[in-house]
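Each remark here refers to the structure printed beneath this line.
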Amino acid sequence: AQSVTQPDIHITVSEGASLELRCNYSYGATPYLFWYVQSPGQGLQLLLKYFSGDTLVQGIKGFEAEFKRSQSSFNLRKPSVHWSDAAEYFCAVGSGYSTLTFGKGTMLLVSP
Amino acid sequence: EAQVTQNPRYLITVTGKKLTVTCSQNMNHEYMSWYRQDPGLGLRQIYYSMNVEVTDKGDVPEGYKVSRKEKRNFPLILESPSPNQTSLYFCASSLLGGGKERQYFGPGTRLTVL
C-alpha cells in the first residue's frame, strides 16, 4: 500500500531564511509525487508535481522539490521564505491524480 | 473561468438525515474525486471517478455513496450521516493521464453532523 510520511508537524522559519519540508513515500512502482499548499480557510493549491524526467522540479511561488529515488524522498525547498508562505503543506503520492495518498501535513509558521 | 464548485459550503445536520453535497466542474475533465480533511489526518480520498458511470472506492468510502451520470457532476451522498462524518470535504477534478495539466480543487464543504 502506498503511504506518505511528513515527519514535521510544525516548522517555524524566520522570514528570509531558507526552507526545507521533508516528505518520504512508500510506493510499489515509479511514483507520481505532488506538493500542495493550503492557506487558512482556503482550498488546496498545487505547488508542483513530479511525473518523470528531471528530478528537480520547479513550481509556483518560488518553490522547488527534488525527487530522490534512493531515499524515497521528495523534499520541498524555497531559498527565501516570505510571511505569505505561512500555510499548511501536504505531500502526496499516487499514479497520476487518481488514488492520491496525502501526508498528514506540515504547518509552516514564519517569524518576523 | 475554469472552476470546481461545491454546494453547500457549510452544512449542519442531524444524525440519520440523508444529505447530498454537489460538485460540478466546467472543464470537461474525465477524473473527479472526493476527499475529506480532518485535523492531524490530512486529506483522505473517499471515492473517485475516471469517467461517466465509472467510480471506485478510495481509502475511506464507508458511509458514502457517489454517482457520475454526467461528466460535469459528481455528487457525494451520505445516506445516514453520523457524527464521525463531521469533516471538511473537497471535490477535485483533472484530465486523465498526468502531464502538464493541473488538478483543480473546489472551495470545500464544512459539514457538521450532530
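The values are calculated or read from the model by the stated rules, or taken from the named source; none is laboratory data. It should be emphasised that the depicted structure is a prediction, and the values quoted were computed from it without experimental measurement. A quick note on method: Cβ atoms are made from the backbone with ideal geometry, for glycine too, and the neighbour counts reach across all protein chains shown.
Scanning the range B:45-74 for residues that are more than 11 Å from the chain's Cα centre (by Cα) and part of a strand (DSSP E or B) yields B:MET50, B:ASN51, B:VAL54, B:THR55, B:ASP56, B:LYS57. Applying the condition of being in contact with a Phe, Trp or Tyr (Cβ under 8 Å, 6 or more places away or on another chain) and of a type outside the set (A, V, I, L, M) to the range B:68-84 and asking which residue is surrounded by the fewest Cβ atoms within 10 Å (Cβ to Cβ) yields B:ARG68. Looking at B:LEU95, B:LEU76, just one residue is in contact (Cβ under 8 Å) with a residue 24 or more places away in the chain, away from chain A (no Cβ under 12 Å) and among the aliphatic types (A, V, I, L, M), and that residue is B:LEU76.
Considered as a group, the residues in the range A:93-112 that are of a type outside the set (Ser, Thr, Tyr) and at the interface with another protein chain (Cβ under 8 Å from one of its Cβ atoms) include one that is surrounded by the fewest Cβ atoms within 10 Å (Cβ to Cβ), and that residue is A:GLY96.
The single condition among (1) farther than 26 Å from A:THR106 by Cβ; (2) within 13 Å of chain A (Cβ to nearest Cβ); (3) surrounded by fewer than 18 Cβ atoms within 10 Å (Cβ to Cβ) that B:GLY63 does not satisfy is (2). Residues of the range A:34-47 that are within 11 Å of chain B (Cβ to nearest Cβ) and either among the basic types (Lys, Arg) or more than 14 Å from A:SER84 (Cβ to Cβ) (or both): A:PHE34, A:TYR36, A:GLY41, A:GLY43, A:LEU44, A:LEU46. For A:VAL81, the stated conditions hold: it is over 18 Å from B:GLY42 (Cβ atoms), more than 10 Å from chain B (Cβ to nearest Cβ) and in contact (Cβ under 8 Å) with a residue 12 or more places away in the chain.
You will find that of A:PHE67, A:PHE51, the residue that is crowded, with 18+ Cβ neighbours inside 10 Å and within 30 Å of B:GLU30 (Cβ to Cβ) is A:PHE67 and no other.
Candidates in the range A:48-62 are the residues that are more than 11 Å from every other protein chain (Cβ to nearest Cβ) and under 26 Å from A:ALA1 (Cβ atoms); of these, the one that is modelled with the lowest pLDDT is A:THR55.
For the range B:11-37, the set of residues classified as over 14 Å from the mean Cα position of the chain (by Cα) and in a strand (DSSP E or B) consists of B:LEU11, B:ILE12, B:THR13, listed by residue number. In the condition set (1) facing another protein chain (nearest Cβ under 10 Å); (2) under 20 Å from A:GLY103 (Cβ atoms); (3) free of Cβ contacts under 8 Å to residues at least 60 places away in the same chain; (4) crowded, with 21+ Cβ neighbours inside 10 Å, B:LEU41 is compliant with all but (4). Against the test of being touching a residue at least 60 places away in the same chain (Cβ under 8 Å), under 27 Å from B:PRO39 (Cβ atoms) and under 14 Å from the mean Cα position of the chain (by Cα), the options A:GLN6, A:GLN45 yield a single qualifying residue, A:GLN6.
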